[in-house]
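Nothing in this text is a laboratory measurement; each read-out follows from the coordinates by a stated rule. This is a predicted model, so every value here is computed, not measured. Please note: Cβ atoms are built from the backbone with ideal geometry, for glycine as well, and neighbour counts cover all protein chains shown.
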Amino acid sequence: MKITGVELRRIALPLVSPFRTSFGTETARDVLLVRVVTPEAEGWGECVAMAEPLYSSEYVEGAAEVLRRFLIPALPDRADVHAVERALAPVKGHRMAKAALETAVLDARLRATGQSFGSFLGAARDRVPCGVSVGIMDSIPQLLDAVEGYRAQGYVRIKLKIQPGWDLAPVRAVRERLGDDVLLQVDANAAYTLTDAPHLARLDLYDLLLIEQPLANDDLVQHALLAKRLTTPICLDESIESAQHAAAAITLGSCSIINVKPGRVGGYLEARRIHDLCRAHGVAVWCGGMLETGLGRAANIALAALPGFTLPGDTSASDRYFATDITPPFILDDGHLPVPTGPGLGVEPITAILDEVTTATEWIPL
């Protein structure tokens, strides 16, 4: 399949409520979509970079520029996803931009051949259990109201964002309100240092499933030291940008769980390698989220259906973040979401909605 051109499309989607983490507050998503066109089919990819370089060094405008100047010109003549991965490898970093382009090429290829994303990746289930990520709130009563609302919707696992000054009290309140049987975990987004180890050890009282990325993203050694001082399992997120990083973390004992975000690691091929590595070493994995639209959500759900994804991921329903998604919405059913079975991603943008939220488009012929 020859690639005839690539479209870069920016869209703006307001969030149903502000989403606050230790590094900032989001009220809307500035999303970069990539559409790859071939004579047989077209495919979509979603870049998960944020508007500002806060979660990682990547940001939307930078991703668009590197796609425009370096990645799209490097594409091979044929839409083979493995050839695309090799062609993009010489460009250092920019994994979120690479993931979006790789996903769009793969989607086009699978749509042309009639194969689903889940089938290509090796999905072992037809639906996946879903957790929900709850941002930092202005008060504990507000947090409890939000958590109870998500539990009423059927989410099987609750994740609380934490930061210094917002950790022990909210975790204790949620655990007391929900009881001991509910799966509960926390996410620090690298907000602590090793000197906070005695404080973080106090979270051991609340029988948490895990504590996610407590320390800096570039410090596997200190995570290994922290792991020895906590009984709560450590999960790494921002630290894991490749299968090589995952192997190093496992060898050092930096974590016993890994959050796999395809955008963060450069795409679904690398995400599957991390899954395979962790499964071989008995390390649990789960699929993280970056407030994706239905396009990114569909691919994540397919990934989360692989056999090594034994913990509920952040593959929430569409209405967790958006009043109106750009695809038919994913709707929670008894705490689960179905794995799309149609060709490629199994979902397509709704043209009228997509046009309404589009802020810019750019066509790049090949």
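Helix 95-113: angle to the longest alpha-carbon principal axis of the chain, degrees 0 to 90, nearest 10?
Once rounded, one gets 60 degrees.
Would you please give the residues with an amide H less than 5 Å from that of GLY313, counting only those at least 5 places away or on a separate chain, with H modeled from the backbone geometry?
Sorted by chain and number, the residues that satisfy this are GLY131, CYS287.
Averaging sequence separations of C-alpha pairs under 8 Å and six or more residues apart, then dividing by the length of region 276-346, give the relative contact order as a whole percent.
It rounds to 34 percent for region 276-346.
Per residue of region 352-365, in order, report the coupling 6.51 cos²θ - 1.76 cosθ + 1.60 (Karplus, θ = phi - 60°) as ³J(HN,Hα) in whole Hz, putting x for Gly and Pro.
Coupling constants for region 352-365: 4, 5, 4, 4, 5, 9, 6, 10, 6, 9, 8, 9, 10, x Hz.
Among residues other than ARG10 whose Cβ falls under 14 Å from its Cβ, what is the net charge (Lys/Arg +1, Asp/Glu -1)?
Values: positive: ARG9, ARG29, ARG35, ARG68; negative: GLU7, ASP30, GLU46, GLU61, GLU65, ASP355, GLU356, GLU362.
With Lys, Arg at +1 and Asp, Glu at -1, the net is -4.
Sort LYS92, LYS261 by Cβ crowding within 10 Å, fewest neighbours at the top. Mind showing how you got there, number by number?
Details: LYS92 6, LYS261 28.
Exposure proxy ranking, most exposed first: LYS92, LYS261.
Under 5 Å between amide hydrogens, which residues at least 5 positions from CYS235 or on another chain qualify, with H placed 1.01 Å from N in the peptide plane?
ILE211, GLU212, GLN213
Which ³J(HN,Hα) values, rounded to whole Hz and listed in residue order, are derived for region 123-134 from phi using the Karplus coefficients 6.51, -1.76 and 1.60 in 6.51 cos²θ - 1.76 cosθ + 1.60 with θ = phi - 60°, glycine and proline given as x?
4, 10, 9, 9, 7, 10, x, 10, x, 9, 9, 10
Rank the residues SER57, SER316, SER256 as a footprinting-exposure proxy: fewest other Cβ atoms within 10 Å of their Cβ go first.
SER57, SER256, SER316
With everything on Cα atoms, drop me the angle between helix 294-304 and the longest principal axis of the chain, reported from 0 to 90° to the nearest 10.
Its long axis makes an angle of about 60 degrees.
How tilted is helix 168-178 with respect to the longest principal axis of the chain? Cα atoms for both, answer in degrees (0 to 90, nearest 10).
Once rounded, the angle reads 90 degrees.
Hull surface divided by four, with the convex hull built on the Cα atoms of the chain: how many nm²?
Averaged projected area of the chain's Cα convex hull equals 16.3 nm².
Can you work out the FRET efficiency for the pair VAL91 and ASP218, with r the C-beta to C-beta distance and R0 = 25 Å, to the nearest 0.05?
0.75
Alpha carbon centre of region 151-174 versus region 264-337: separation in Å?
20 Å
Under 5 Å between amide hydrogens, which residues at least 5 positions from ALA28 or on another chain qualify, with H placed 1.01 Å from N in the peptide plane?
Under 5 Å from the amide H of ALA28: LEU15.
From the phi of every residue in region 267-274, what ³J(HN,Hα) in whole Hz does the Karplus formula 6.51 cos²θ - 1.76 cosθ + 1.60 yield, where θ is phi - 60° and glycine or proline is x?
With coefficients 6.51, -1.76 and 1.60, one gets x, 7, 5, 5, 4, 5, 5, 5 Hz.
Among VAL81, VAL265, rank each residue by its count of other Cβ atoms within 10 Å, from fewest to most, as a rough exposure measure.
With the sparsest Cβ surroundings first, the list reads VAL81, VAL265.
For the residue pair THR358 and ALA201, what label-to-label distance in nm results when each label sits 7 Å from Cα along the Cα-to-beta-carbon direction?
5.8 nm
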